[in-house]
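Novice: Pasting in a structure now, in structure tokens, and then I'll have a few things to ask.
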Amino acid sequence: MRLKLLLPVVLTLLVQRMLGMPGMPPWTTEVLLPVVWIVAAALLQKERGWPYEALLLGLAWDVLFEPVIGPGGIAWSAACLALYAVAGVVADRSPKAWAGFGLVGAAAVILVQMAATVPLGLPLSLSLGHVLRSVVFTGLWCGLVGAVLVLDLPGQWRSYRARTLR
């Protein structure tokens, strides 16, 4: 992972961990915050090494949230590859596209991770309602991030400052 992205990714994982703390509303654990990183890599198409870095993200996910290390790495890298395949066909980069890619990414992560844990004999504790809520909340989260990127507040601030300094 690039050094400049390491800190934001770690912070995202720590915030995800804090969302699961006692006293937080139960729905906050259903938002998969790190999905935004694989959506951004697919939509911005700047880095081709992200499937390997998504593997590291998935392994970090396993260390923080799962009883077994491995299925998360498989799931996150599979979701990253799926989003790359879809991003090559879709030309839209609007907040709606970010939300749609968040839906696809979250669904891929959850379903591949469930499929990877089945051979291990671990009990499946996910219900259809949990999966749907997680996919929808993650899609909304990614759409919000896409909307913030479209607003480009730092660029607007620079243009405002350039106009006022003239």
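The values are calculated or read from the model by the stated rules, or taken from the named source; none is laboratory data. This one's a predicted model, so the numbers in the text were calculated from it and none came from an experiment. Virtual Cβ from ideal backbone geometry, glycine too; neighbours counted across all protein chains shown. The protein model used for the area step is the full one, side chains on, heavy atoms only, and it has no ligands, DNA or RNA in it. Shrake-Rupley method; radii C 1.70, N 1.55, O 1.52, S 1.80 Å.
Novice: Which of the listed residues, VAL135, LEU7, ALA85, is farthest toward the dipole's positive end in the chain, when Lys, Arg count +1 and Asp, Glu count -1 at the beta-carbon?
Specialist: LEU7
Novice: Efficiency by 1/(1 + (r/R0)^6): what FRET value for ARG48 and LEU11, r their Cβ-Cβ distance, R0 = 22 Å, to the nearest 0.05?
Specialist: On the way: r = 24 Å, r/R0 = 1.10.
Efficiency, from the Cβ-Cβ distance: 0.35.
Novice: Now a separate question. Sorted by average packing, counted as other Cβ atoms within 10 angstrom per residue and highest first, what order do 9-16, 28-35 take?
Specialist: Output ranking for 9-16, 28-35: 28-35, 9-16.
Novice: Can you give me the accessible area per residue for the range 1-159, using a 1.4 Å probe, in Å²?
Specialist: Dividing the accessible area of the range 1-159 by its residue count gives 55 Å².
Novice: Relative to the Cα centre, what is the charge dipole magnitude of the chain, using +1 at the beta carbon of each Lys and Arg, -1 at the beta carbon of each Asp and Glu, and rounding to the nearest 20 debye?
Specialist: Around 840 debye, computed over the chain.
Novice: Take SER127 and ILE69, extend 7 Å from each Cα along the Cα→Cβ direction, and tell me the distance between the two endpoints in nm.
Specialist: Simple spin-label model gives 3.3 nm for this pair.
Novice: Roughly to the nearest percent, how much of the accessible area of the range 19-166 is carbon and sulfur, given a 1.4 Å probe?
Specialist: Of the solvent-accessible surface of the range 19-166, carbon and sulfur hold 72 percent.
Novice: Which of GLY23, PRO51, GLY146 sits closest to the plus end of the dipole of the chain, meaning its Cα is farthest towards the positive end, when Lys and Arg get +1 and Asp and Glu get -1 on the C-beta?
Specialist: Highest projection toward the positive end goes to GLY146.
Novice: Please turn the phi angles of the range 31-36 into ³J(HN,Hα) values with the Karplus equation 6.51 cos²θ - 1.76 cosθ + 1.60 (θ = phi - 60°), one per residue in order, whole Hz, x for glycine and proline.
Specialist: Taking θ as phi minus 60°, the curve returns 7, 8, 4, x, 4, 4 Hz for the range 31-36.
Novice: Give me the one-decimal nm value for the distance between modelled label points at LEU56 and LEU149, 7 Å along each residue's Cα-to-Cβ direction.
Specialist: For the pair LEU56/LEU149, the computed spacing is 2.0 nm.
Novice: List the trypsin sites (Lys or Arg not before Pro) in the range 1-92 that DSSP assigns to loop (not H, G, I, E or B) and whose Cβ has at most 15 other Cβ atoms within 10 Å. Which are they?
Specialist: When the trypsin sites (Lys or Arg not before Pro) of the range 1-92 are filtered for loop state and at most 15 Cβ neighbours within 10 Å, ARG2, LYS46, ARG48 remain.
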